[in-house]
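Student: Dropping a structure here in structure tokens format, bear with me for questions.
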Amino acid sequence: METNFTHHQSAHCENGVASNLLKHNGLNISEPMVFGIGSGLFFVYLPFIKVNHAPAISYRPLPGQIFNKLAKRLGLKIKRTKFASVANANKALDQNLKDNIPTGLQVGVYNLSYFPDEYRFHFNAHNLVVYGKTETDYLISDPVMETVTTLTHDELEKVRFAKGAFAPRGQMYYPVNVPTNVDFSSAIIKAIKNTCRDMLAPAPIIGVRGIRFVAKQIRKWPIKHGTKKANHYLAQMVRMQEEIGTGGGGFRFIYAAFLQEAAAILNNEKLKSLSLEMTQIGDLWRDFAVDASRIYKNRSTQADAYNTVADQLSHIADLEEAFFKKLKAAIS
Amino acid sequence: MKKNEVPQDEGNLSKSNMKELMYATDENGEYTTALSTGWEPKTIALSNSIDDINERVAEAKSQVKNGEVSPIVYFMELHKMDVGILASYVEMWKWRVKKHFKPKVFKGLSDTVLSRYAKAFNISVSELKNFKAD
């Protein structure tokens with residue numbers, strides 16, 4: 001069985017699944033719109049949690065939040081189910097496909113056989129759509145891939161029940177009610193306010209303060225942990241930042257694209273010039289990644305090199321602080 | 001980033017013919033999308049972590065050989081896991097998993113316990129039991 005689902009590639013998995021599922025249900029919404037209205041831009045530094053043996057930095061909110069916020073702000077209804085038993089999870093998915101409902105799943109990346117080996121880490125907040133089933137395979141639309149793909153029944157079961165942080169527990173989700181007329185304007189304003197609040201939050205590990213905190217830590221890494229570990233930390237940071245459309249530069253460009261669309265909908269010229277500014281900040285994130293990569297490529301031992309990238313990062317934090325203050329003012 | 005600046009470096013993705021989608025501006029400053037084959041800073045970051053994993057696997061192997069740790073440690077590193085991830089796959093407390101890292105404790109483990117590890121590592125119990133680090 002197969003549903004008549006259309007695959008569109010996206011930069012980020014959760015945006016892509018949300019946008020593709022909503023398009024299937026008759027609501028034409030772009031990836032940047034999903035990202036913006038779902039308040040996908042975020043920053044949090046969690047030095048006490050280690051991912052791949054390095055301190056955790058997340059550039060996005062908790063898995064599922066983008067779609068949930070988007071749904072709330074646009075008045076859509078999404079059904080989400082987690083499962084304790086594998087058999088029930090399979091049964092529920094198969095029933096959905098029988099009912100012609102393409103279904104979003106949260107999955108672990110480690111057993112995704114169509115990913116190159118190097119990309120298969122224990123990361124459990126990936127999203128994809130299952131749109132059909134054959135004797136041996138499930139038909140998969142993974143939004144970060146150019147085209148549709150497949151997983152065997154056994155493989156899909158494994159990725160749905162991956163373990164570790166954010167274990168998906170078979171989670172599946174799909175829109176059950178999509179109104180024909182949605183009010184984009186008020187949703188956009190609410191979403192922008194939310195993102196400004198997050199990025200300007202008065203907590204030391206969140207938003208621009210979090211970015212500044214990381215910059216300060218980077219200066220200490222080579223002294224405190226030695227060059228080898230410091231290089232590993234920096235490499236991990238760049239990976240989390242730029243891997244498959246997530247994080248630093250990539251997210252800024254998606255957000256800038258959102259502001260451009262929002263400027264037209266709200267008829268607000270200020271958002272247009274702010275979009276330009278966000279693009280420039282995104283470019284600086286990419287410059288940071290380039291310079292950081294030089295450090296761990298050359299296994300540079302000078303503490304000076306670390307100070308240079310730390311300076312770049314705290315400059316970005318300053319620019320973003322000013323940016324989000326202006327953005328807040330632009331919509332109020 | 002402008003559309004013509006979207007990086008097209010040889011990367012880990014280009015080997016398997018995968019391209020990722022990126023947002024960039026066109027000549028009129030309007031946002032559009034473009035495909036990228038890879039970007040050097042990312043490629044280096046990824047190979048850095050792969051080197052790190054390979055080093056950890058090699059070290060675990062020599063530790064198994066010297067009788068310092070049990071084969072569980074080797075397979076854990078081989079599967080890019082840490083204690084927390086392994087503990088959740090075998091559904092045991094972390095401290096219990098850590099105890100099983102000791103060769104002496106490992107030798108006394110029942111097949112039932114070992115089968116949980118074997119399942120997590122996708123191998124048979126005897127492969128786990130008889131692992132020789134040569």
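Student: Checking the conditions here, which among B:Lys61, B:Lys80 is assigned by TED's automatic domain parsing to the domain that holds B:Tyr117, surrounded by 15 or more Cβ atoms within 10 Å (Cβ to Cβ) and outside any helix (DSSP H, G or I)?
Tutor: Within the list B:Lys61, B:Lys80, the selection yields B:Lys80.
Student: In addition: Among A:Phe43, A:Phe5, A:Phe35, which is the only one that is over 15 Å from the mean Cα position of the chain (by Cα) and either modelled with pLDDT of 95 or more or buried (at least 20 other Cβ atoms within 10 Å of the Cβ) (or both)?
Tutor: A:Phe5
Student: In segment A:246-332, which helices (runs of 4 or more DSSP H) lie fully inside it and hold 3 or more residues that are of a type in the set (Val, Ile, Thr) and touching a Phe, Trp or Tyr at 6+ places or on another chain (Cβ under 8 Å)?
Tutor: On the way: elements: A:248-266, A:269-297, A:303-331.
In segment A:246-332, A:269-297 are the helices (runs of 4 or more DSSP H) which contain 3 or more residues that are of a type in the set (Val, Ile, Thr) and touching a Phe, Trp or Tyr at 6+ places or on another chain (Cβ under 8 Å).
Student: Something else about it: Being buried (at least 17 other Cβ atoms within 10 Å of the Cβ), of a type in the set (S, T, N, Q) and more than 7 Å from chain B (Cβ to nearest Cβ) is the filter here, so list the residues in segment A:269-299 that pass it.
Tutor: Across segment A:269-299, the qualifying residue is only A:Ser275.
Student: Consider B:Leu46 carefully, then state whether it is under 25 Å from A:Gln280 (Cβ atoms), of a type outside the set (Ser, Thr, Tyr) and either at the interface with chain A (Cβ under 8 Å from one of its Cβ atoms) or buried (at least 17 other Cβ atoms within 10 Å of the Cβ) (or both).
Tutor: no
Student: Just to be sure I understand the filter: pairs with C-beta atoms under 6 Å, separated by 6 or more residues or on different chains, first member in segment A:133-151 and touching a residue at least 12 places away in the same chain (Cβ under 8 Å), second member hydroxyl-bearing (Ser, Thr, Tyr) and open to solvent by less than 10 Å² (accessible area, probe 1.4 Å). Which pairs pass?
Tutor: So the pair list comes out as A:Pro143/A:Ser10; A:Val148/A:Ser141; A:Leu151/A:Tyr138.
Student: Based on what the data block shows, is A:Gln236 within 30 Å of A:Phe184 (Cβ to Cβ) and either without any contact (Cβ under 8 Å) to a residue 60 or more places away in the chain or in a helix (DSSP H, G or I) (or both)?
Tutor: Criteria not met by A:Gln236.
Student: Does A:Met199 satisfy the criteria of being within 18 Å of the chain's Cα centre (by Cα) and within 14 Å of another protein chain (Cβ to nearest Cβ)?
Tutor: Spelling it out, it is not the case that A:Met199 is within 18 Å of the chain's Cα centre (by Cα) and within 14 Å of another protein chain (Cβ to nearest Cβ).
Student: For segment A:67-176, which strands (runs of 3 or more DSSP E) that fit wholly inside it have 3 or more residues that are away from chain B (no Cβ under 14 Å) and open to solvent by 40 Å² or more (accessible area, probe 1.4 Å)?
Tutor: By residue number, A:77-81.
The values are calculated or read from the model by the stated rules, or taken from the named source; none is laboratory data. Please read these numbers as outputs of a predicted model, since none were measured by experiment. With ideal geometry, Cβ positions are generated from the backbone for all residues, glycine too; neighbour counts draw on all protein chains shown. With ligands, DNA and RNA removed, areas are computed over all heavy atoms of the protein, side chains included. Shrake-Rupley method; radii C 1.70, N 1.55, O 1.52, S 1.80 Å.
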